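Participant: Once you've had a glance at the structure underneath, I'll fire off some questions.
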Amino acid sequence: MKQNERIIIFPTDTVYGMGCSIFDKESIQKIYQIKSRPLDKPLACLCADLQQIKDIAFVSKNVEKIINTFMPGALTVILKANAKIKKATGFDTIGVRIPNSKTAIEILKTHGAMLTTSVNDSGKSPINEYNEIVKKYSHLADKIYPPCENSSNHPSTVVSLIDGKIKILRQGDITLTQIIETLK
């Protein structure tokens, strides 16, 4: 990432995201501080494509089927992190998602995979109104992108796919039944 764009806020297909490079430990810590987020609650990783996901996590054939069916889109999958990412983040697992947003994909192609979280104080509803985001976060983020596309204003479904087990951690628009059907 450009040195002057370490923490950015940008629109996605779900809600606005606040993110930084997956390897920028200082900015990752700053995001936790900005949000008053507990340090044991990992940030999700937005990726531009399947290859970026494979660069950071272990992807089985079944996981690849799920990714190819629902991404880009509102599904975050929790996978085992590879050694490089475990060292960078301190976590054994990582949640990954490819957003269905041209703006977000271009940002991710330019800056690489980014650890992200919704724009809000931890535990509060996401803020998705651009003027409100600018007012609250302009002094905390290095760049805030204006809205370019419609977002659903709903967070993604989060599903753990660790060790071949499928478990919904947060229900969004994509259901467990839809995920299981993909593997038949």
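Participant: Taking Glu132, is it out of contact with any strand residue (DSSP E or B) (no Cβ under 9 Å at 6 or more places or on another chain) and surrounded by 13 or more Cβ atoms within 10 Å (Cβ to Cβ)?
Facilitator: no
Participant: Let me confirm something: among Ser125, Ser151, Ser156, which residue is open to solvent by 80 Å² or more (accessible area, probe 1.4 Å), modelled with pLDDT under 90 and not charged (D, E, K, R)?
Facilitator: Testing whether each residue is open to solvent by 80 Å² or more (accessible area, probe 1.4 Å), modelled with pLDDT under 90 and not charged (D, E, K, R) leaves just Ser125.
Participant: Starting from segment 160-184, keep only residues that are more than 24 Å from Val15 (Cβ to Cβ), then list their pairs with residues that are open to solvent by 40 Å² or more (accessible area, probe 1.4 Å) whose Cβ atoms are within a distance under 6 Å, requiring at least 6 positions of separation or different chains.
Facilitator: That search, which allows pairs on different chains as well, returns Thr182/Lys65; Thr182/Thr69; Leu183/Asn62.
Participant: Would you call Ala104 hydrophobic (A, V, I, L, M, F, W, C), out of contact with any Asp or Glu (no Cβ under 6 Å at 6 or more places or on another chain), in contact (Cβ under 8 Å) with a residue 12 or more places away in the chain and open to solvent by less than 10 Å² (accessible area, probe 1.4 Å)?
Facilitator: Criteria met by Ala104.
Participant: Can you tell me which residue in segment 159-184 is surrounded by the most Cβ atoms within 10 Å (Cβ to Cβ), limited to those that are in a helix (DSSP H, G or I), among the aliphatic types (A, V, I, L, M) and over 18 Å from the mean Cα position of the chain (by Cα)?
Facilitator: The selected residue is Ile179.
The rows are residues; the columns are (1) more than 26 Å from Val134 (Cα to Cα); (2) charged (D, E, K, R).
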{"residue": "Thr14", "(1), (2)": "no, no"}
{"residue": "Ile28", "(1), (2)": "no, no"}
{"residue": "Ile31", "(1), (2)": "no, no"}
{"residue": "Cys45", "(1), (2)": "no, no"}
{"residue": "Gln52", "(1), (2)": "yes, no"}
{"residue": "Asp55", "(1), (2)": "yes, yes"}
{"residue": "Ile66", "(1), (2)": "yes, no"}
{"residue": "Leu79", "(1), (2)": "yes, no"}
{"residue": "Ile85", "(1), (2)": "yes, no"}
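Participant: Please go through segment 45-71 and pick out each residue that is open to solvent by 30 Å² or more (accessible area, probe 1.4 Å) and either touching a Lys or Arg at 6+ places or on another chain (Cβ under 7 Å) or free of Cβ contacts under 8 Å to residues at least 24 places away in the same chain (or both).
Facilitator: Within segment 45-71, Gln51, Lys54, Phe58, Val59, Lys61, Glu64, Asn68 meet the criteria.
Participant: Which residues, counting only those in segment 24-42, are at pLDDT below 90 and within 15 Å of the chain's Cα centre (by Cα)?
Facilitator: Lys41, Pro42
Participant: Right, here's the next one. Can you tell me which residue among Ala113, Ala74, Ala141, Ala88 is of a type in the set (Gly, Ala, Ser), modelled with pLDDT under 95, closer than 17 Å to Ser160 by Cα and surrounded by 13 or more Cβ atoms within 10 Å (Cβ to Cβ)?
Facilitator: Being of a type in the set (Gly, Ala, Ser), modelled with pLDDT under 95, closer than 17 Å to Ser160 by Cα and surrounded by 13 or more Cβ atoms within 10 Å (Cβ to Cβ) holds for just one of Ala113, Ala74, Ala141, Ala88, which is Ala74.
Participant: Yes or no: Ile85 under 17 Å from the mean Cα position of the chain (by Cα), closer than 15 Å to Cys20 by Cα and touching a residue at least 12 places away in the same chain (Cβ under 8 Å)?
Facilitator: So Ile85 fits the description; yes.
Participant: Another question, then. If we scan segment 20-27, do we find a residue that is without any contact (Cβ under 8 Å) to a residue 40 or more places away in the chain and part of a helix (DSSP H, G or I)?
Facilitator: Yes.
Participant: For segment 34-87, give me the residue count where each residue is outside any loop (DSSP other than H, G, I, E, B) and of a type in the set (Phe, Trp, Tyr).
Facilitator: Qualifying residue count for the region: 1.
The values are calculated or read from the model by the stated rules, or taken from the named source; none is laboratory data. Everything quoted here is computed from the prediction, not taken from an experiment. Backbone-built Cβ (ideal geometry, glycine too); neighbour counts: all protein chains shown. When the accessible area is computed, the model is the full protein with side chains, heavy atoms only, and any ligands, DNA or RNA have been set aside. Shrake-Rupley method; radii C 1.70, N 1.55, O 1.52, S 1.80 Å.
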